[in-house]
Amino acid sequence: MTTDVPSAESPSPWRELSPGIHVLRTAGFRMNVGLVVGTERALVVDTGAGPRSAAEVYSHVRDMTDLPLIAVNTHAHADHFFGNSYFADQGVEEFWATSRCSEVQAEHGDEQRALVAAVEPAMGAGDGARTAILPANRLVAGTPVDLDLGGVSVTLFHLGKGHTDHDLLVGAGNVLFTGDLVEEGADPAFEDSFPTDWVRTLGKMVALEDLYDVFVPGHGEPVDVAAVITQMNKMRSAIRVTRLAMDEASLDMTKAIPILPYGPEQSRVLLTRLRTLAHWKWLTRKH
Ligand SMILES: [Zn+2]
């Protein structure tokens with residue numbers, strides 16, 4: 001039955017994936033935010049696209065726990081870390097990411113403001129409170145880092161290049177937060193990617209199936225290992241098709257686009273990316 005009277009309590013946006021391990025989807029970018037609650041601290045995976053979405057996420061976090069918070073950024077794309085300043089303003093001191101991620105945040109953060117302008121006008125303009133670019137200050141370099149939240153331990157680790165050159169994974173219980181290394185309901189985003197390495201990194205992720213059975217993508221529904229395998233195989237064959245087109249020097253490479261397993265836009269991005277990376281390789285070999 002429908003009614004015009006709003007219910008006293010709206011349903012929680014959090015979905016519990018495992019005891020103490022939750023996920024919610026932000027409004028604008030439909031980005032998956034993770035929350036792992038221990039007995040002493042809680043950990044938030046990715047902070048949103050700016051102060052507006054961060055405030056929403058923060059208030060939902062506070063519906064779940066009053067514990068001190070630690071934040072993690074899976075990678076340096078705006079929708080995943082532009083909420084850092086807001087969280088810092090709420091007293092969060094630790095922002096974890098790979099060391100390379102922190103560098104990219106500092107060097108290229110400002111360039112991404114335009115990407116969020118429609119959803120986060122203040123952040124887009126870089127004007128107003130909590131709109132500063134705040135790079136991660138706790139760094140994962142090389143070896144995995146275990147964080148004890150009290151009764152539950154979270155492991156932060158990097159498996160190799162993929163969606164970017166600095167993707168961080170967050171393992172908690174049987175749940176693995178993958179950032180944009182895994183994509184559900186949309187094509188993988190190849191703009192800053194290393195496609196060949198990405199396939200290898202997904203292979204390493206699949207090898208962790210004894211440890212994890214829920215894989216939380218950066219966007220879309222949580223998936224099982226079979227979906228990660230499917231994404232890996234699809235990407236491997238897409239790269240093969242593109243390479244074949246690249247080897248045929250006389251062939252117009254864009255002819256590969258219709259036979260790639262992705263939509264035209266991401267097919268084009270993949271093709272451009274592979275061509276750019278091949279060119280870099282050629283340059284470094286020659287000179
Ligand atoms: Zn991304």
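Which one is surrounded by the fewest Cβ atoms within 10 Å (Cβ to Cβ), of the residues in the stretch 168-193 that are of a type in the set (Val, Ile, Thr) and either within 20 Å of LEU270 (Cα to Cα) or within 16 Å of the ligand (Cβ to nearest atom) (or both)? Across the stretch 168-193, the extreme among qualifying residues is VAL170. Among the residues making up the stretch 216-267, those that are within 16 Å of the ligand (Cβ to nearest atom), at pLDDT 95 or above and outside any loop (DSSP other than H, G, I, E, B) are VAL216, HIS219, GLN231, MET235. The single condition among (1) assigned to a loop (DSSP other than H, G, I, E, B); (2) of a type in the set (A, V, I, L, M, F, W, C); (3) in contact with a strand residue (DSSP E or B) (Cβ under 8 Å, 6 or more places away or on another chain) that PHE190 does not satisfy is (3). Residues that are farther than 22 Å from PRO68 by Cα and in contact (Cβ under 8 Å) with a residue 60 or more places away in the chain do not occur anywhere in the stretch 142-157. Pairing residues of the stretch 74-94 that are under 18 Å from LEU169 (Cβ atoms) and away from the ligand (no atom under 16 Å from the Cβ) with residues that are outside any loop (DSSP other than H, G, I, E, B) and at pLDDT 95 or above, at Cβ distances under 8 Å and at least 6 apart in sequence or on separate chains, gives GLU94/ILE70; GLU94/ALA71; GLU94/ARG138. Can you find even one residue in the stretch 26-33 that is more than 20 Å from ASP146 (Cα to Cα), away from the ligand (no atom under 16 Å from the Cβ) and either in contact (Cβ under 8 Å) with a residue 40 or more places away in the chain or not acidic (Asp, Glu) (or both)? Checking the stretch 26-33: at least one residue is more than 20 Å from ASP146 (Cα to Cα), away from the ligand (no atom under 16 Å from the Cβ) and either in contact (Cβ under 8 Å) with a residue 40 or more places away in the chain or not acidic (Asp, Glu) (or both). Taken across the stretch 200-207, residues that are of a type in the set (Val, Ile, Thr), more than 16 Å from the ligand (Cβ to nearest atom) and either touching a residue at least 24 places away in the same chain (Cβ under 8 Å) or surrounded by fewer than 24 Cβ atoms within 10 Å (Cβ to Cβ) (or both) do occur, with at least one present. Got at least one residue in the stretch 176-184 being touching a strand residue (DSSP E or B) at 6+ places or on another chain (Cβ under 6 Å) and more than 23 Å from GLY38 (Cβ to Cβ)? Checked against the condition, which is being touching a strand residue (DSSP E or B) at 6+ places or on another chain (Cβ under 6 Å) and more than 23 Å from GLY38 (Cβ to Cβ), the stretch 176-184 yields at least one hit.
Here's the yes/no breakdown for (1) among the aliphatic types (A, V, I, L, M); (2) over 30 Å from ARG25 (Cβ atoms); (3) touching a residue at least 24 places away in the same chain (Cβ under 8 Å):
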residue: ASP224; (1), (2), (3): no, no, no
residue: ALA227; (1), (2), (3): yes, no, yes
residue: SER237; (1), (2), (3): no, no, yes
residue: THR242; (1), (2), (3): no, yes, yes
residue: MET246; (1), (2), (3): yes, yes, yes
residue: LYS255; (1), (2), (3): no, yes, no
residue: PRO258; (1), (2), (3): no, yes, no
residue: PRO261; (1), (2), (3): no, no, yes
residue: ARG268; (1), (2), (3): no, no, no
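Is it true that ALA117 is surrounded by 20 or more Cβ atoms within 10 Å (Cβ to Cβ), of a type in the set (Gly, Ala, Ser) and more than 18 Å from the chain's Cα centre (by Cα)? The answer is no for ALA117. Only one entry in ASP165, ASP127, ASP146 is within 13 Å of the ligand (Cβ to nearest atom) and either closer than 30 Å to LEU211 by Cβ or assigned to a loop (DSSP other than H, G, I, E, B) (or both), namely ASP165. Exactly one residue out of GLU56, GLU40 is under 19 Å from VAL116 (Cβ atoms) and more than 15 Å from the ligand (Cβ to nearest atom), and it is GLU56. Here TYR86 meets the list (1) within 18 Å of the chain's Cα centre (by Cα); (2) of a type outside the set (D, E, K, R); (3) over 20 Å from LEU149 (Cβ atoms) almost entirely, failing just condition (1).
The values are calculated or read from the model by the stated rules, or taken from the named source; none is laboratory data. All of these numbers come straight from a predicted model, not from anything done at the bench. Every residue, glycine among them, receives a Cβ derived from its backbone with ideal geometry; neighbour counts consider all protein chains shown.
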